[in-house]
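Student: Before I ask anything, here is the structure I am working with.
The values are calculated or read from the model by the stated rules, or taken from the named source; none is laboratory data. These figures come from a predicted structure and were not determined experimentally. Cβ placement follows ideal geometry from the backbone for every residue including glycine, while neighbour counts extend to all protein chains displayed. The protein model used for the area step is the full one, side chains on, heavy atoms only, and it has no ligands, DNA or RNA in it. Shrake-Rupley method; radii C 1.70, N 1.55, O 1.52, S 1.80 Å.
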Amino acid sequence: MGFIDTIKEYIKQHELLTNDGRYLVALSGGADSVCLLRVLLLLGYQVEAVHCNFHLRGEESNRDEDFVKALCKQHSIELHLIHFDTATYASLHQVSIEMAARELRYRYFEQLRQDTGAQGICVAHHEDDTVETVLMNLLRGTGIHGLTGIKPRNGNVLRPLLCVNRRNILYWLKEIGQDYVTDSSNLKDNVVRNKIRLHLVPLLHEINAGATDNILTTVRRLQEASRVYDDAIQQSLDRLILADSIEINRLMQEPSPESILFAWLSPRGFPPAVIEQVADMLAAPQAGAEWQSETHQMTISRGCLVVEEKRTNRPTLRLPETGTYIYDDDAKLRLRLLDGQHLDKRPCVASLDASTVRFPLTLRPTQQGDRFQPYGMTGTRLVSDYLTDRHLTIFEKRRTLVLCDADGRILWLVGHRTAAPFCLTPTTKRTLLIEWQHDA
(Lines give C-alpha, C1' and ligand atoms only; values in the text may rest on other atoms or scores of the structure.)
Protein backbone atom coordinates (compact mmCIF):
# COMPACT_ATOMS: atom_id res chain seq x y z
CA MET A 1 0.00 0.00 0.00
CA GLY A 2 1.32 3.44 -0.93
CA PHE A 3 2.13 6.25 1.50
CA ILE A 4 -1.09 8.23 0.96
CA ASP A 5 -3.29 5.12 0.94
CA THR A 6 -1.76 3.92 4.21
CA ILE A 7 -2.68 7.19 5.93
CA LYS A 8 -6.11 7.23 4.29
CA GLU A 9 -6.84 3.73 5.60
CA TYR A 10 -5.54 4.62 9.07
CA ILE A 11 -7.84 7.65 9.26
CA LYS A 12 -10.76 5.47 8.22
CA GLN A 13 -9.88 2.65 10.61
CA HIS A 14 -9.76 4.97 13.61
CA GLU A 15 -12.55 7.30 12.44
CA LEU A 16 -10.33 10.34 12.92
CA LEU A 17 -11.75 12.73 10.31
CA THR A 18 -14.94 13.19 8.32
CA ASN A 19 -15.32 14.57 4.81
CA ASP A 20 -17.63 17.36 5.94
CA GLY A 21 -15.58 18.35 8.99
CA ARG A 22 -13.15 21.24 9.37
CA TYR A 23 -9.84 20.70 11.12
CA LEU A 24 -6.92 22.70 12.46
CA VAL A 25 -3.43 21.48 11.56
CA ALA A 26 -0.56 22.30 13.92
CA LEU A 27 2.04 23.57 11.44
CA SER A 28 5.55 24.20 12.78
CA GLY A 29 7.17 24.19 9.34
CA GLY A 30 9.13 21.02 10.05
CA ALA A 31 8.97 17.96 7.82
CA ASP A 32 6.34 16.12 9.86
CA SER A 33 3.79 18.92 10.09
CA VAL A 34 4.33 19.98 6.47
CA CYS A 35 3.73 16.39 5.40
CA LEU A 36 0.55 16.24 7.48
CA LEU A 37 -0.81 19.42 5.92
CA ARG A 38 -0.04 18.33 2.36
CA VAL A 39 -1.49 14.84 2.87
CA LEU A 40 -4.76 16.12 4.34
CA LEU A 41 -5.06 18.58 1.45
CA LEU A 42 -4.52 15.79 -1.08
CA LEU A 43 -7.14 13.66 0.68
CA GLY A 44 -9.65 16.50 0.30
CA TYR A 45 -10.13 17.49 3.95
CA GLN A 46 -11.03 21.05 4.95
CA VAL A 47 -8.09 22.34 6.97
CA GLU A 48 -6.74 25.54 8.46
CA ALA A 49 -3.18 25.88 9.74
CA VAL A 50 -2.05 26.99 13.20
CA HIS A 51 1.48 28.20 13.90
CA CYS A 52 2.95 29.09 17.30
CA ASN A 53 6.05 31.28 17.51
CA PHE A 54 7.58 30.53 20.91
CA HIS A 55 10.48 32.98 20.45
CA LEU A 56 13.02 30.48 21.73
CA ARG A 57 15.45 30.30 18.78
CA GLY A 58 15.93 33.93 17.77
CA GLU A 59 15.94 34.48 14.01
CA GLU A 60 15.28 30.80 13.41
CA SER A 61 11.83 31.18 15.02
CA ASN A 62 11.07 34.07 12.68
CA ARG A 63 12.37 32.04 9.72
CA ASP A 64 9.91 29.23 10.59
CA GLU A 65 7.05 31.72 10.77
CA ASP A 66 7.93 33.20 7.38
CA PHE A 67 8.12 29.73 5.83
CA VAL A 68 4.70 28.77 7.20
CA LYS A 69 3.15 32.01 5.93
CA ALA A 70 4.52 31.40 2.44
CA LEU A 71 3.38 27.75 2.40
CA CYS A 72 -0.15 28.63 3.45
CA LYS A 73 -0.32 31.45 0.91
CA GLN A 74 0.88 29.09 -1.83
CA HIS A 75 -1.92 26.61 -1.07
CA SER A 76 -4.59 29.19 -0.16
CA ILE A 77 -4.86 27.92 3.42
CA GLU A 78 -6.10 30.14 6.24
CA LEU A 79 -3.35 30.56 8.85
CA HIS A 80 -3.84 31.27 12.55
CA LEU A 81 -0.67 32.71 14.05
CA ILE A 82 0.18 33.39 17.69
CA HIS A 83 3.30 34.59 19.54
CA PHE A 84 4.27 33.38 23.03
CA ASP A 85 6.77 34.66 25.58
CA THR A 86 7.57 31.08 26.52
CA ALA A 87 10.57 31.77 28.74
CA THR A 88 8.61 34.18 30.95
CA TYR A 89 5.71 31.72 31.20
CA ALA A 90 8.09 28.92 32.22
CA SER A 91 9.66 31.13 34.89
CA LEU A 92 6.31 32.30 36.31
CA HIS A 93 4.85 28.80 36.46
CA GLN A 94 8.12 27.12 37.46
CA VAL A 95 8.02 24.55 34.66
CA SER A 96 10.54 23.55 32.03
CA ILE A 97 10.69 25.34 28.69
CA GLU A 98 9.42 22.17 27.00
CA MET A 99 6.45 21.90 29.37
CA ALA A 100 5.70 25.61 29.04
CA ALA A 101 5.61 25.37 25.23
CA ARG A 102 3.37 22.30 25.42
CA GLU A 103 0.91 23.93 27.84
CA LEU A 104 0.75 27.15 25.83
CA ARG A 105 0.38 25.31 22.53
CA TYR A 106 -2.39 22.91 23.47
CA ARG A 107 -4.33 25.48 25.48
CA TYR A 108 -4.33 27.79 22.46
CA PHE A 109 -5.22 24.96 20.08
CA GLU A 110 -8.29 24.00 22.09
CA GLN A 111 -9.46 27.60 22.53
CA LEU A 112 -9.04 28.23 18.80
CA ARG A 113 -10.89 25.00 18.00
CA GLN A 114 -13.83 26.17 20.08
CA ASP A 115 -13.75 29.69 18.61
CA THR A 116 -13.66 28.46 15.02
CA GLY A 117 -16.02 25.51 15.44
CA ALA A 118 -13.40 23.07 14.14
CA GLN A 119 -13.95 19.37 14.77
CA GLY A 120 -10.40 18.59 15.83
CA ILE A 121 -6.73 19.54 16.00
CA CYS A 122 -4.41 17.44 13.82
CA VAL A 123 -0.84 16.99 15.01
CA ALA A 124 2.01 15.23 13.21
CA HIS A 125 3.16 12.51 15.61
CA HIS A 126 4.37 9.42 13.74
CA GLU A 127 5.73 5.93 14.47
CA ASP A 128 9.16 7.18 15.56
CA ASP A 129 7.46 9.37 18.18
CA THR A 130 5.65 6.30 19.47
CA VAL A 131 8.95 4.42 19.85
CA GLU A 132 10.56 7.38 21.66
CA THR A 133 7.56 7.74 23.97
CA VAL A 134 7.58 4.06 24.89
CA LEU A 135 11.32 4.19 25.63
CA MET A 136 10.88 7.33 27.74
CA ASN A 137 8.08 5.72 29.74
CA LEU A 138 10.08 2.53 30.15
CA LEU A 139 13.04 4.48 31.54
CA ARG A 140 10.81 6.39 33.96
CA GLY A 141 8.89 3.32 35.07
CA THR A 142 5.39 2.70 33.79
CA GLY A 143 2.44 0.35 33.64
CA ILE A 144 0.86 -1.42 30.70
CA HIS A 145 -0.71 1.75 29.29
CA GLY A 146 2.64 3.54 29.23
CA LEU A 147 3.90 0.85 26.86
CA THR A 148 1.01 1.14 24.39
CA GLY A 149 2.43 4.23 22.69
CA ILE A 150 0.64 7.34 21.49
CA LYS A 151 -3.08 7.08 20.84
CA PRO A 152 -4.53 8.12 17.45
CA ARG A 153 -7.08 10.26 19.28
CA ASN A 154 -6.81 12.07 22.60
CA GLY A 155 -9.95 14.09 23.09
CA ASN A 156 -9.94 16.64 20.26
CA VAL A 157 -6.30 16.00 19.34
CA LEU A 158 -5.98 13.76 16.25
CA ARG A 159 -2.86 11.99 14.95
CA PRO A 160 -3.33 10.75 11.36
CA LEU A 161 0.39 10.00 10.77
CA LEU A 162 0.89 7.37 13.48
CA CYS A 163 0.92 4.69 10.78
CA VAL A 164 4.07 5.99 9.02
CA ASN A 165 7.62 6.72 10.14
CA ARG A 166 10.00 9.61 9.72
CA ARG A 167 11.84 7.91 6.88
CA ASN A 168 8.56 7.46 4.96
CA ILE A 169 7.72 11.12 5.53
CA LEU A 170 11.05 12.47 4.27
CA TYR A 171 10.97 10.19 1.22
CA TRP A 172 7.44 11.34 0.28
CA LEU A 173 8.29 15.03 0.70
CA LYS A 174 11.29 14.54 -1.57
CA GLU A 175 9.09 12.78 -4.14
CA ILE A 176 6.66 15.70 -4.37
CA GLY A 177 9.41 18.34 -4.19
CA GLN A 178 8.17 19.88 -0.94
CA ASP A 179 10.73 21.65 1.22
CA TYR A 180 10.54 22.28 4.97
CA VAL A 181 12.55 23.87 7.78
CA THR A 182 14.69 22.15 10.40
CA ASP A 183 14.42 23.01 14.08
CA SER A 184 18.02 23.14 15.30
CA SER A 185 16.93 22.46 18.89
CA ASN A 186 15.97 18.93 17.82
CA LEU A 187 19.61 18.30 16.99
CA LYS A 188 20.82 19.03 20.54
CA ASP A 189 20.84 16.29 23.16
CA ASN A 190 19.83 18.61 26.00
CA VAL A 191 16.45 16.97 26.77
CA VAL A 192 15.52 13.33 27.37
CA ARG A 193 13.59 12.84 24.14
CA ASN A 194 16.45 14.20 22.06
CA LYS A 195 18.94 11.96 23.88
CA ILE A 196 16.76 8.97 23.04
CA ARG A 197 16.35 10.05 19.40
CA LEU A 198 19.99 10.97 18.80
CA HIS A 199 21.77 8.30 20.85
CA LEU A 200 19.62 5.48 22.18
CA VAL A 201 17.63 4.66 19.04
CA PRO A 202 20.76 4.54 16.80
CA LEU A 203 22.41 2.28 19.39
CA LEU A 204 19.39 -0.04 19.36
CA HIS A 205 19.68 -0.22 15.56
CA GLU A 206 23.33 -1.23 15.93
CA ILE A 207 22.27 -4.05 18.23
CA ASN A 208 19.31 -5.07 16.08
CA ALA A 209 18.56 -3.47 12.70
CA GLY A 210 14.86 -4.12 13.20
CA ALA A 211 14.73 -2.64 16.71
CA THR A 212 12.13 0.07 16.09
CA ASP A 213 9.92 -2.22 13.99
CA ASN A 214 10.08 -4.83 16.75
CA ILE A 215 9.19 -2.23 19.38
CA LEU A 216 6.21 -1.13 17.29
CA THR A 217 5.11 -4.76 16.94
CA THR A 218 5.29 -5.12 20.72
CA VAL A 219 3.31 -1.90 21.12
CA ARG A 220 0.54 -3.24 18.90
CA ARG A 221 0.43 -6.48 20.88
CA LEU A 222 0.28 -4.55 24.13
CA GLN A 223 -2.51 -2.38 22.75
CA GLU A 224 -4.54 -5.55 22.19
CA ALA A 225 -3.56 -6.94 25.60
CA SER A 226 -4.56 -3.66 27.26
CA ARG A 227 -8.09 -4.03 25.90
CA VAL A 228 -8.41 -7.37 27.71
CA TYR A 229 -6.77 -5.86 30.80
CA ASP A 230 -9.04 -2.78 30.83
CA ASP A 231 -12.15 -4.92 30.43
CA ALA A 232 -11.16 -7.19 33.33
CA ILE A 233 -10.28 -4.24 35.57
CA GLN A 234 -13.59 -2.51 34.79
CA GLN A 235 -15.52 -5.67 35.65
CA SER A 236 -13.69 -5.81 38.98
CA LEU A 237 -14.41 -2.14 39.69
CA ASP A 238 -18.09 -2.66 38.86
CA ARG A 239 -18.21 -5.52 41.37
CA LEU A 240 -16.23 -3.81 44.12
CA ILE A 241 -17.13 -0.12 44.18
CA LEU A 242 -20.12 0.85 46.27
CA ALA A 243 -20.77 4.51 47.04
CA ASP A 244 -17.15 5.50 46.33
CA SER A 245 -15.76 2.83 48.65
CA ILE A 246 -14.19 -0.61 48.29
CA GLU A 247 -14.34 -3.34 50.92
CA ILE A 248 -10.74 -4.30 51.60
CA ASN A 249 -11.38 -8.01 52.21
CA ARG A 250 -13.11 -8.35 48.85
CA LEU A 251 -10.39 -6.34 47.12
CA MET A 252 -7.73 -8.67 48.53
CA GLN A 253 -9.43 -11.64 46.88
CA GLU A 254 -8.81 -10.16 43.41
CA PRO A 255 -5.83 -11.40 41.33
CA SER A 256 -4.15 -7.96 41.40
CA PRO A 257 -5.47 -5.54 44.06
CA GLU A 258 -2.81 -2.96 43.17
CA SER A 259 -3.91 -2.87 39.51
CA ILE A 260 -7.49 -2.26 40.59
CA LEU A 261 -6.39 0.49 42.97
CA PHE A 262 -4.37 2.14 40.22
CA ALA A 263 -7.34 2.16 37.83
CA TRP A 264 -9.60 3.56 40.56
CA LEU A 265 -7.28 6.09 42.19
CA SER A 266 -5.06 7.36 39.39
CA PRO A 267 -7.88 9.33 37.67
CA ARG A 268 -8.52 10.92 41.08
CA GLY A 269 -5.04 12.36 41.21
CA PHE A 270 -3.28 9.86 43.50
CA PRO A 271 0.31 9.27 42.28
CA PRO A 272 1.74 5.77 41.78
CA ALA A 273 3.89 5.99 44.95
CA VAL A 274 0.81 6.62 47.10
CA ILE A 275 -1.14 3.84 45.40
CA GLU A 276 1.72 1.42 46.04
CA GLN A 277 1.79 2.51 49.69
CA VAL A 278 -1.95 1.86 50.04
CA ALA A 279 -1.61 -1.55 48.35
CA ASP A 280 1.23 -2.52 50.69
CA MET A 281 -0.83 -1.87 53.82
CA LEU A 282 -4.00 -3.70 52.71
CA ALA A 283 -2.97 -6.87 54.55
CA ALA A 284 -2.98 -4.92 57.84
CA PRO A 285 -5.18 -1.86 57.24
CA GLN A 286 -5.02 0.95 59.77
CA ALA A 287 -8.41 2.48 60.49
CA GLY A 288 -8.33 6.25 60.08
CA ALA A 289 -5.28 6.27 57.82
CA GLU A 290 -5.58 9.14 55.41
CA TRP A 291 -4.23 10.15 51.99
CA GLN A 292 -4.71 13.28 49.93
CA SER A 293 -4.43 14.15 46.24
CA GLU A 294 -4.98 17.61 44.80
CA THR A 295 -8.65 16.86 44.16
CA HIS A 296 -9.60 13.91 46.39
CA GLN A 297 -9.09 12.43 49.83
CA MET A 298 -9.07 8.82 50.96
CA THR A 299 -9.33 7.03 54.30
CA ILE A 300 -9.88 3.58 55.79
CA SER A 301 -13.16 3.22 57.63
CA ARG A 302 -15.01 0.09 58.78
CA GLY A 303 -12.81 -2.18 56.68
CA CYS A 304 -13.28 -0.10 53.53
CA LEU A 305 -11.21 2.29 51.46
CA VAL A 306 -13.34 5.41 51.09
CA VAL A 307 -12.60 8.12 48.52
CA GLU A 308 -14.37 11.41 48.08
CA GLU A 309 -13.82 14.71 46.33
CA LYS A 310 -12.28 17.43 48.43
CA ARG A 311 -14.64 20.13 49.61
CA THR A 312 -13.94 23.60 50.89
CA ASN A 313 -13.87 24.15 54.64
CA ARG A 314 -17.33 24.79 55.99
CA PRO A 315 -17.97 28.31 57.32
CA THR A 316 -19.46 29.56 60.59
CA LEU A 317 -22.85 31.28 60.35
CA ARG A 318 -24.45 33.57 62.97
CA LEU A 319 -28.25 33.48 63.23
CA PRO A 320 -29.57 36.48 65.23
CA GLU A 321 -33.26 35.56 64.90
CA THR A 322 -35.69 33.20 63.25
CA GLY A 323 -35.89 33.09 59.45
CA THR A 324 -34.24 31.33 56.53
CA TYR A 325 -30.44 31.48 56.23
CA ILE A 326 -28.31 30.45 53.25
CA TYR A 327 -25.37 28.45 54.56
CA ASP A 328 -23.48 27.57 51.38
CA ASP A 329 -24.16 26.81 47.73
CA ASP A 330 -26.34 23.77 48.42
CA ALA A 331 -27.67 24.19 51.98
CA LYS A 332 -29.83 26.47 54.06
CA LEU A 333 -31.32 26.55 57.55
CA ARG A 334 -34.92 27.52 58.30
CA LEU A 335 -35.97 28.55 61.84
CA ARG A 336 -39.63 29.01 62.86
CA LEU A 337 -41.39 29.74 66.16
CA LEU A 338 -44.66 27.81 66.57
CA ASP A 339 -47.18 27.86 69.38
CA GLY A 340 -47.58 24.59 71.20
CA GLN A 341 -45.65 21.36 70.76
CA HIS A 342 -44.62 20.34 67.24
CA LEU A 343 -42.50 17.22 67.21
CA ASP A 344 -40.87 16.35 63.87
CA LYS A 345 -38.80 13.15 64.01
CA ARG A 346 -37.03 13.58 60.69
CA PRO A 347 -33.21 13.67 61.02
CA CYS A 348 -33.09 16.98 59.13
CA VAL A 349 -35.40 18.69 61.64
CA ALA A 350 -34.87 19.70 65.27
CA SER A 351 -37.89 20.40 67.52
CA LEU A 352 -36.71 22.44 70.49
CA ASP A 353 -38.39 24.06 73.48
CA ALA A 354 -38.16 27.75 72.54
CA SER A 355 -37.99 28.87 76.17
CA THR A 356 -34.65 27.05 76.66
CA VAL A 357 -32.91 28.59 73.64
CA ARG A 358 -31.11 31.92 73.80
CA PHE A 359 -30.32 33.82 70.57
CA PRO A 360 -28.15 34.56 68.67
CA LEU A 361 -27.44 31.04 67.48
CA THR A 362 -24.29 29.84 65.70
CA LEU A 363 -24.02 27.16 63.04
CA ARG A 364 -20.46 25.85 62.75
CA PRO A 365 -18.34 22.75 62.04
CA THR A 366 -17.59 20.47 64.97
CA GLN A 367 -14.47 21.19 66.99
CA GLN A 368 -12.16 19.03 69.04
CA GLY A 369 -13.55 18.70 72.56
CA ASP A 370 -17.18 19.45 71.64
CA ARG A 371 -19.55 17.76 74.09
CA PHE A 372 -23.34 17.49 74.29
CA GLN A 373 -26.03 15.40 75.95
CA PRO A 374 -27.78 13.43 73.21
CA TYR A 375 -31.54 13.13 73.54
CA GLY A 376 -32.44 9.88 75.25
CA MET A 377 -29.09 9.55 77.03
CA THR A 378 -27.85 10.53 80.48
CA GLY A 379 -24.67 12.50 80.83
CA THR A 380 -22.66 14.22 78.13
CA ARG A 381 -20.61 12.66 75.35
CA LEU A 382 -17.86 13.86 73.10
CA VAL A 383 -19.34 14.66 69.71
CA SER A 384 -16.45 12.80 68.07
CA ASP A 385 -17.29 9.62 70.06
CA TYR A 386 -20.95 9.89 69.20
CA LEU A 387 -20.15 10.20 65.49
CA THR A 388 -17.72 7.29 65.68
CA ASP A 389 -20.47 5.13 67.16
CA ARG A 390 -22.59 6.05 64.16
CA HIS A 391 -19.80 4.74 61.88
CA LEU A 392 -19.07 8.02 60.13
CA THR A 393 -15.80 8.33 58.22
CA ILE A 394 -13.26 10.93 59.27
CA PHE A 395 -14.33 13.09 56.33
CA GLU A 396 -18.01 12.88 57.25
CA LYS A 397 -17.12 13.86 60.81
CA ARG A 398 -15.28 16.94 59.58
CA ARG A 399 -18.31 17.99 57.56
CA THR A 400 -20.74 17.58 60.47
CA LEU A 401 -22.18 20.79 61.87
CA VAL A 402 -23.42 21.80 65.32
CA LEU A 403 -25.98 24.46 66.17
CA CYS A 404 -25.13 26.35 69.35
CA ASP A 405 -26.97 28.96 71.41
CA ALA A 406 -25.67 32.32 72.68
CA ASP A 407 -23.90 30.55 75.57
CA GLY A 408 -22.08 28.17 73.23
CA ARG A 409 -24.16 25.15 74.29
CA ILE A 410 -24.80 22.61 71.53
CA LEU A 411 -28.52 22.47 70.74
CA TRP A 412 -28.35 20.09 67.81
CA LEU A 413 -25.84 17.87 66.13
CA VAL A 414 -27.23 18.75 62.72
CA GLY A 415 -28.82 15.82 60.93
CA HIS A 416 -28.14 13.43 63.81
CA ARG A 417 -29.44 14.17 67.32
CA THR A 418 -30.83 17.04 69.37
CA ALA A 419 -29.44 17.84 72.83
CA ALA A 420 -31.61 16.60 75.69
CA PRO A 421 -31.78 19.85 77.74
CA PHE A 422 -33.48 21.67 74.84
CA CYS A 423 -36.00 19.09 73.69
CA LEU A 424 -39.76 19.35 73.99
CA THR A 425 -41.38 18.47 77.31
CA PRO A 426 -45.04 18.18 78.38
CA THR A 427 -44.80 21.77 79.63
CA THR A 428 -43.45 23.24 76.37
CA LYS A 429 -45.56 26.18 75.21
CA ARG A 430 -43.65 27.21 72.11
CA THR A 431 -41.59 25.16 69.65
CA LEU A 432 -38.48 26.35 67.83
CA LEU A 433 -38.62 24.25 64.66
CA ILE A 434 -35.30 24.15 62.77
CA GLU A 435 -35.05 22.53 59.35
CA TRP A 436 -31.77 21.75 57.57
CA GLN A 437 -32.25 21.71 53.81
CA HIS A 438 -29.40 20.51 51.61
CA ASP A 439 -28.79 18.89 48.23
CA ALA A 440 -26.18 16.36 49.35
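Student: Being more than 22 Å from VAL34 (Cα to Cα), at pLDDT 95 or above, crowded, with 18+ Cβ neighbours inside 10 Å and over 23 Å from the mean Cα position of the chain (by Cα) narrows it down to one residue among LEU161, LEU135; which is it? Walk me through how you get there before you give the answer.
Tutor: Working: LEU161 fails: more than 22 Å from VAL34 (Cα to Cα).
Going through LEU161, LEU135 in turn, the sole match is LEU135.
Student: So which residues in segment 1-30 are more than 15 Å from VAL157 (Cα to Cα) and in contact with an Asp or Glu (Cβ under 6 Å, 6 or more places away or on another chain), if there are any at all?
Tutor: Scanning segment 1-30 gives GLY29, GLY30.
Student: Filter segment 270-305 for residues that are assigned to a loop (DSSP other than H, G, I, E, B) and touching a residue at least 40 places away in the same chain (Cβ under 8 Å); which is most open to solvent (accessible area, probe 1.4 Å)?
Tutor: Checking each candidate, the answer is ARG302.
Student: Looking only at segment 408-415, decide whether some residue is open to solvent by 70 Å² or more (accessible area, probe 1.4 Å) and within 43 Å of the chain's Cα centre (by Cα).
Tutor: Checked against the condition, which is being open to solvent by 70 Å² or more (accessible area, probe 1.4 Å) and within 43 Å of the chain's Cα centre (by Cα), segment 408-415 yields at least one hit.
Yes/no matrix, rows are residues, columns are (1) in contact (Cβ under 8 Å) with a residue 24 or more places away in the chain; (2) over 19 Å from ILE410 (Cα atoms); (3) of a type outside the set (A, V, I, L, M, F, W, C); (4) surrounded by fewer than 15 Cβ atoms within 10 Å (Cβ to Cβ):
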site: ARG314; (1), (2), (3), (4): yes, no, yes, no
site: PRO320; (1), (2), (3), (4): yes, no, yes, yes
site: GLN341; (1), (2), (3), (4): yes, yes, yes, no
site: ARG346; (1), (2), (3), (4): no, no, yes, yes
site: VAL357; (1), (2), (3), (4): yes, no, no, no
site: PRO360; (1), (2), (3), (4): yes, no, yes, yes
site: TYR375; (1), (2), (3), (4): yes, no, yes, no
site: HIS391; (1), (2), (3), (4): yes, yes, yes, yes
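Student: Name the helices (runs of 4 or more DSSP H) wholly inside segment 2-105 in which the number of residues that are touching a Phe, Trp or Tyr at 6+ places or on another chain (Cβ under 7 Å) and at pLDDT below 95 is 3 or more.
Tutor: In segment 2-105, no matching helices (runs of 4 or more DSSP H) lie anywhere.
Student: Within segment 35-55, work out how many residues are more than 16 Å from GLY21 (Cβ to Cβ) and acidic (Asp, Glu).
Tutor: Residues that pass the stated criteria total 0.
Student: So, in segment 179-209, exactly how many residues are under 23 Å from GLU59 (Cβ atoms), assigned to a loop (DSSP other than H, G, I, E, B), open to solvent by less than 80 Å² (accessible area, probe 1.4 Å) and not charged (D, E, K, R)? Please lay out each step first, then the result.
Tutor: Pass one, segment 179-209, residues under 23 Å from GLU59 (Cβ atoms): 179-191, 194.
Filter once more, so that each one left must be assigned to a loop (DSSP other than H, G, I, E, B): 179-183, 188-191.
Next, only the ones that are open to solvent by less than 80 Å² (accessible area, probe 1.4 Å) stay: 181-183, 189, 191.
Checking the rest, the ones that are also not charged (D, E, K, R) come to 181-182, 191.
Residues in segment 179-209 being under 23 Å from GLU59 (Cβ atoms), assigned to a loop (DSSP other than H, G, I, E, B), open to solvent by less than 80 Å² (accessible area, probe 1.4 Å) and not charged (D, E, K, R): 3 in total.
Student: Go through the residues of segment 327-334 one by one and say whether even a single one is open to solvent by 30 Å² or more (accessible area, probe 1.4 Å) and in contact with a helix residue (DSSP H, G or I) (Cβ under 8 Å, 6 or more places away or on another chain).
Tutor: No, that holds for no residue.
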